[in-house]
Amino acid sequence: MSTGKPRIAKDYDKLSADIINQIKLEYPFGFEDNLISYKDAKGNKISALPFEAEDVYYLVKMTKLEAQQIIEDDEDYDDEGNLREDFAEDAESSDSEEEEEDDSYDKDKAEDDGGEDED
């Protein structure tokens, strides 16, 4: 498995929301069946979910029990542990709303700044 990308082992709860959303789309039927095991530098056995992002290859550290609990607690997954069909649409519209909010903030700030210059 030589991807040429940096490999990062990280806990699920320390990932950005964007990466978590990408992982959900990659694993719409849950995580536990996709876990791999490896030994860390100290020789400890670690289980993790492999995920290849654009610039980084992640090993998302979690046990089988943690993988089950994450899916059970996540409202984006249904009672059977499957990603909601409308998740991708919701994730895209959420990203768009954030961009629009940023744009409107910049416009408001520009208008305020412009008013101050005229004084």
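See the values below:
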item: Hits in region 39-93 - residues which are surrounded by 15 or more Cβ atoms within 10 Å (Cβ to Cβ) and among the basic types (K, R); result: K61, R84
item: Conditions (1) part of a strand (DSSP E or B); (2) touching a Gly at 6+ places or on another chain (Cβ under 6 Å); number of the one not met by A48; result: (2)
item: Qualifying residue in region 18-38 (condition: at negative phi, surrounded by fewer than 11 Cβ atoms within 10 Å (Cβ to Cβ), at pLDDT below 95 and among the polar types (S, T, N, Q)); result: no
item: Region 1-34, residues that are of a type in the set (A, V, I, L, M) and under 25 Å from D78 (Cβ atoms); result: L15, A17, I19, I20, I23, L25
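The values are calculated or read from the model by the stated rules, or taken from the named source; none is laboratory data. Not measured: the values here are computed from a predicted model. Quick reminder, even Gly has a Cβ in these numbers, built from the backbone with ideal geometry, and neighbours come from all protein chains shown.
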